[in-house]
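The values are calculated or read from the model by the stated rules, or taken from the named source; none is laboratory data. Quick caveat, the model's predicted, so the values are computed rather than measured. Every residue, glycine as well, gets a Cβ built from its backbone with ideal geometry; the counts of neighbours run over all protein chains shown.
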Amino acid sequence: MPITNVEKNPDDLMLRATCEFDAPVERVWQVWADPRQLEQWWGPPGVTATVVDHDLTEGARVTYYMTDPEHGEFHGWWHILAVDPPHTLEFRDGFAYEGGEINEDLPTTLTEVALTSPAEGKTVMTVTATFTSLESMEQLLEMGAEEGMVGALGQIDDVLTGVATN
């Protein structure tokens, strides 16, 4: 599993996962930049992601839904705040209704992705989710945010090596 560290800090309203990959930064960036690759790992194992709209430019949106065989569809969105390929991506992440309308009843997070290369052909990816309040953090953690993040990121190696099955 590529995950080397998971840090949860309620004082900073933050959940962070660090992963290491045997692939160059440009290749790891593609798991975010290519919607078909994103579909192969975005979401916990056993859940299928479908990316509807995908535009990684500042101010743009990504919309998607996940299909869980036991619990149905869950819709979500990203609002892209900043992007510097292939090193950083920052977006607001939230839930939506089936038609794509933002679900204001559920919390959002600020997600920051940083890709660095400590050595030739290696990438360290840090994904940090910052919550809007302690109550939001507790609600999303109760809904499985930590397990979902760890499960999703744990699938990236298969995408990078071409053995992903989704």
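Counting just the residues of the range 139-153 that are surrounded by fewer than 16 Cβ atoms within 10 Å (Cβ to Cβ) and without any contact (Cβ under 8 Å) to a residue 40 or more places away in the chain, which one comes out nearest to residue 67 (Cα to Cα)? Within the range 139-153, the match that is nearest to residue 67 (Cα to Cα) is 143.
Could you tell me whether residue 149 is touching a strand residue (DSSP E or B) at 6+ places or on another chain (Cβ under 6 Å) and part of a helix (DSSP H, G or I)? Spelling it out, residue 149 is indeed touching a strand residue (DSSP E or B) at 6+ places or on another chain (Cβ under 6 Å) and part of a helix (DSSP H, G or I). The residue that is nearest to residue 109 (Cα to Cα), among those in the range 1-15 that are in contact with a Leu (Cβ under 8 Å, 6 or more places away or on another chain) and at pLDDT below 95, is 3. Looking only at the range 115-145, which residues are at pLDDT below 95 and among the charged types (D, E, K, R)? Residue satisfying the conditions is 120 alone.
Within the range 128-138, being surrounded by 14 or more Cβ atoms within 10 Å (Cβ to Cβ) and either in contact with a His (Cβ under 9 Å, 6 or more places away or on another chain) or hydrophobic (A, V, I, L, M, F, W, C) (or both) holds for 129, 131, 137. Filtering the range 100-109 to residues that are surrounded by 18 or more Cβ atoms within 10 Å (Cβ to Cβ), in contact with a strand residue (DSSP E or B) (Cβ under 6 Å, 6 or more places away or on another chain) and part of a loop (DSSP other than H, G, I, E, B) leaves only 108. Taken residue by residue, the range 97-106 has no member that is under 14 Å from the mean Cα position of the chain (by Cα) and either under 17 Å from residue 35 (Cα atoms) or not small (Gly, Ala, Ser) (or both). Just checking, does the range 154-166 include any residue being part of a helix (DSSP H, G or I), among the small types (Gly, Ala, Ser) and either touching a helix residue (DSSP H, G or I) at 6+ places or on another chain (Cβ under 6 Å) or crowded, with 16+ Cβ neighbours inside 10 Å (or both)? Looking for residues that are part of a helix (DSSP H, G or I), among the small types (Gly, Ala, Ser) and either touching a helix residue (DSSP H, G or I) at 6+ places or on another chain (Cβ under 6 Å) or crowded, with 16+ Cβ neighbours inside 10 Å (or both), one finds none in the range 154-166, hence no. Assessment of the range 110-127 against the conditions (surrounded by fewer than 18 Cβ atoms within 10 Å (Cβ to Cβ), closer than 28 Å to residue 24 by Cβ and touching a helix residue (DSSP H, G or I) at 6+ places or on another chain (Cβ under 6 Å)) yields at least one matching residue. Each residue in the range 16-75 was checked for being under 27 Å from residue 118 (Cβ atoms) and out of contact with any His (no Cβ under 9 Å at 6 or more places or on another chain), and 20 of them qualify.
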